[in-house]
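One structure is given below, encoded as structure tokens.
The values are calculated or read from the model by the stated rules, or taken from the named source; none is laboratory data. Keep in mind the model is a prediction, meaning the values are calculated, not measured. Note: ideal-geometry Cβ built from the backbone for every residue, glycine included; neighbour counts use all protein chains shown.
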Amino acid sequence: MSISERFQELKKQNEGALIAYVTGGDPSPKYTPKIVEALVKGGVDIVEIGIPFSDPIADGPVIQASDVRALNAGTTPNTVLNIVREVKKTSEIPIVLLTYYNIIFRKGVGRFLEDASKSGVDGIIVADLPVEEAEEYKENAEKNGIDTIFLASPSTSSSRLEKILRMTSGFLYLISVFGVTGIREHVSQITIQTLKRLRHYTVNRIPLAVGFGISKPEHVKSIISYGADGAIVGSAFVKLIEEKYGDLTNILEALTSYAKSLKAATRQEYSQAELS
Amino acid sequence: MSRTVYDYPKGGKYGRYGGRFVPETLMPALEELEEAYLRFKDDPEFKKKLKYYLERFAGRPTPLYYAANLTEKFGGPKIYLKREDLAHGGAHKINNTIGQALLAKSMGKTRVIAETGAGQHGVATAMACAALGLKAEIYMGAEDMKRQRLNVFRMRLLGAEVHPVESGSRTLKDAINEALRDWVTNVQTTYYLIGSVVGPHPYPMIVRDFQSVIGFETREQILAQEGRLPDAIVACVGGGSNAIGIFYPFIEDEDVELYGVEAAGEGLHSGKHAASLCAGSEGVFHGMLSYVLQDENGQILTTQSISAGLDYPGVGPEHSFLKSIGRVKYDAVTDGEALEAFLELSRLEGIIPALEPCHALAYAKKLARGMSKDEILVVNLSGRGDKDVEVVANRLGVKI
């Protein structure tokens, strides 16, 4: 199932998408397919798998630590592509890779996208690739039928957003705050303001999902009610993996049950957007 | 003379190198910075202030010194030293920090962050910010803080806050990562003062422009002292700011040979070095496309050098470009060779150099063998060696 088909399906059911992030190979490559399975069992609609990078400048301490664990476990970009292949054998779940541009550049942009496509990857997010530098990447992604998910942030102007939307497919990733990834206590005012401002440009055009700091069911509920089409939860899942490090059964159960509580928050009868 | 070739790199590209590879949140900040820089750089008021601080605060111009004893010892060309070691703070770093701190102030930013490896850029940032009334916060790898305790204390004396970085290899590259994370978080109020010709556009251009005062002075001074341009210029390259600074005004003088010298550490084949241009490959790191030291999967490698200031796995994109067009020749010398040059210059000329330019000195010695007595060779002596005496004593097995 493609990313946009998944969003269409959810829209019909009046649900937001729950998008979960985990770092590929954390704590060990052989665990990741089971981790994805546990997330899907918990109701996750789209899974993002990170290819670990040595210098993840957009990530906070939780995901940085997961990159270190994954790299120490011997995870390479090919390991992660093999994980995707493994997952896709038994599941229809749309898979999005998240990484930094050097991982793609080093392999060769064309070759990377071809390999990703063969492994069953549906979309890619590159944390440090703005649209201005993305021509070759976009061209090869299109050729290989992979969605290019670009990011917008509270500092993105509407004219910049237009440029970004022209390059984006699958969904638009809205970075909710000024900052790096990580668990936060509340959904900030700036998140709601940015969401309201940008939603105006994406509605009826492309799904919009919000990430960075979205970690609790009430956060999910809040952003969906303000019109987001999906919520991206990363550090909260990664933290569970870290806390239960070494005990696979425990990790899987914890992930499934946390995903269930987040997924429940994506279902609501009336949204704030409709009410206002 | 026209410098239109890449005076202002379009889209931040030097050939295929450079660019802007950063999280989306930083893009508007980089655009704002570029716009502000282009506005202020030719502004008479800004130029006047910059000149004032460079002369009265930083002690410019620095001398171009004829090293008679070194010349005699090498037995080849006349050796001149561009004495950046005499600039305020003991290194060329102040040229850039004064310029960027003035820019930050002109942009209305009140908080300045910077990364530092050995601590030289951190100290120079703290000095410039103290002088201009800006708040400075410096990110420094925890490992480097241990190695360079003296500079940590100097920064604190100058009123800067020093944040230890515990991630990754806990050295310069991790300090840059952490500074970038801070900038993403506080971009609305904060100016990120990068210390070398690295990072996303427009930083490599801004730092080059502020450091090119070294080359413009050298040009004037050599013409006054010798009545002609030098035959060769040698500078060390880590990120590459002192090298670009002295090379840039000579790029179009094709008779002036330019040499950039990287840190070969324990040897290029040992895997323990910091020679991105000589032994690295093209990659995207810290916001730029340039040469980097990386493994086959694109993971950035840790580096090693006796000189903390060269201990960085990337290099400025303009150097990658100058390598690609063959305008500058890049080579590398080992820790041992640099150490030898350190001792030689101290004894022969009464100047204790920083370990970074010792790489350039060691290479100049080799180069001198193939040059004649009527030729002129300039070495950029980018800093003084007070900060390195402990490292050198340890290497020599001397207890101080």
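Side notes on the structure shown:
- Any hit, the range B:265-274, residues being part of a helix (DSSP H, G or I), in contact (Cβ under 8 Å) with a residue 40 or more places away in the chain, more than 17 Å from the chain's Cα centre (by Cα) and closer than 30 Å to residue B:385 by Cα: no
- Matching option when the condition is surrounded by fewer than 20 Cβ atoms within 10 Å (Cβ to Cβ), modelled with pLDDT of 95 or more and more than 20 Å from residue A:62 (Cα to Cα), among A:261, A:276: A:261
- Checking residue B:334 against (1) polar (S, T, N, Q); (2) closer than 30 Å to residue A:127 by Cα; (3) away from chain A (no Cβ under 14 Å), the condition it does not meet: (2)
- Residues in the range A:25-68 that are touching a Leu at 6+ places or on another chain (Cβ under 8 Å) and within 14 Å of chain B (Cβ to nearest Cβ): A:25, A:50, A:51, A:52, A:54, A:57.
- Output for the range B:241-277, where each listed residue is out of contact with any Lys or Arg (no Cβ under 9 Å at 6 or more places or on another chain) and under 14 Å from residue B:320 (Cβ atoms): B:243, B:262, B:275, B:276
- Taken over the range B:167-193, the criterion of being touching a residue at least 60 places away in the same chain (Cβ under 8 Å) and of a type in the set (Ser, Thr, Tyr) is satisfied by B:169, B:171, B:189, B:190, B:191, B:192.
- Of the strands (runs of 3 or more DSSP E) lying entirely inside the range B:22-141, the ones with 2 or more residues being touching a residue at least 40 places away in the same chain (Cβ under 8 Å) and among the charged types (D, E, K, R) are found at B:78-83, B:111-116.
- One residue alone among A:234, A:246 is of a type in the set (Gly, Ala, Ser), closer than 22 Å to residue A:42 by Cα and at pLDDT below 95, and that residue is A:246.
- Hits in the range A:138-166 - residues which are more than 11 Å from every other protein chain (Cβ to nearest Cβ) and either surrounded by fewer than 18 Cβ atoms within 10 Å (Cβ to Cβ) or aromatic (Phe, Trp, Tyr) (or both): A:139, A:142, A:143, A:144, A:145, A:158, A:162, A:166
- Residue count, the range A:100-136 (criterion: more than 10 Å from chain B (Cβ to nearest Cβ), polar (S, T, N, Q) and crowded, with 19+ Cβ neighbours inside 10 Å): 1
Results for (1) of a type in the set (Ser, Thr, Tyr); (2) within 14 Å of the chain's Cα centre (by Cα); (3) outside any strand (DSSP E or B), shown as yes or no for each residue.
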site: A:121; (1), (2), (3): no, yes, yes
site: A:125; (1), (2), (3): no, yes, no
site: A:129; (1), (2), (3): no, no, yes
site: A:137; (1), (2), (3): yes, no, yes
site: A:145; (1), (2), (3): no, no, yes
site: A:156; (1), (2), (3): yes, no, yes
site: A:165; (1), (2), (3): no, no, yes
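- In the range B:316-334 there is no residue matching the filter, namely being assigned to a loop (DSSP other than H, G, I, E, B) and in contact with a Phe, Trp or Tyr (Cβ under 7 Å, 6 or more places away or on another chain).
- 3 or more residues under 20 Å from residue A:48 (Cα atoms) and in contact with a helix residue (DSSP H, G or I) (Cβ under 6 Å, 6 or more places away or on another chain): qualifying helices (runs of 4 or more DSSP H) within the range A:178-276: A:235-243, A:248-264
- Those residues of the range A:71-108 which are under 18 Å from the mean Cα position of the chain (by Cα) and hydrophobic (A, V, I, L, M, F, W, C), in sequence order: A:80, A:81, A:83, A:84, A:87, A:93, A:95, A:96, A:97, A:98, A:103, A:104
- Of the residues making up the range B:208-244, those that are part of a helix (DSSP H, G or I), farther than 21 Å from residue B:307 by Cα and touching a helix residue (DSSP H, G or I) at 6+ places or on another chain (Cβ under 7 Å) are B:208, B:210, B:213, B:214, B:215, B:216, B:218, B:219.
- Verdict on residue B:290 being part of a strand (DSSP E or B), among the hydroxyl-bearing types (Ser, Thr, Tyr) and more than 9 Å from every other protein chain (Cβ to nearest Cβ): yes
- Only residues that are closer than 20 Å to residue A:262 by Cα and surrounded by 21 or more Cβ atoms within 10 Å (Cβ to Cβ) were counted across the range A:1-31, and they come to 11.
- So residue B:299, is it under 23 Å from residue B:388 (Cβ atoms), surrounded by fewer than 24 Cβ atoms within 10 Å (Cβ to Cβ) and not hydrophobic (A, V, I, L, M, F, W, C): no
- Looking across B:279, B:243, B:275, one residue alone is over 26 Å from residue A:57 (Cα atoms) and either away from chain A (no Cβ under 14 Å) or not hydroxyl-bearing (Ser, Thr, Tyr) (or both). It is B:243.
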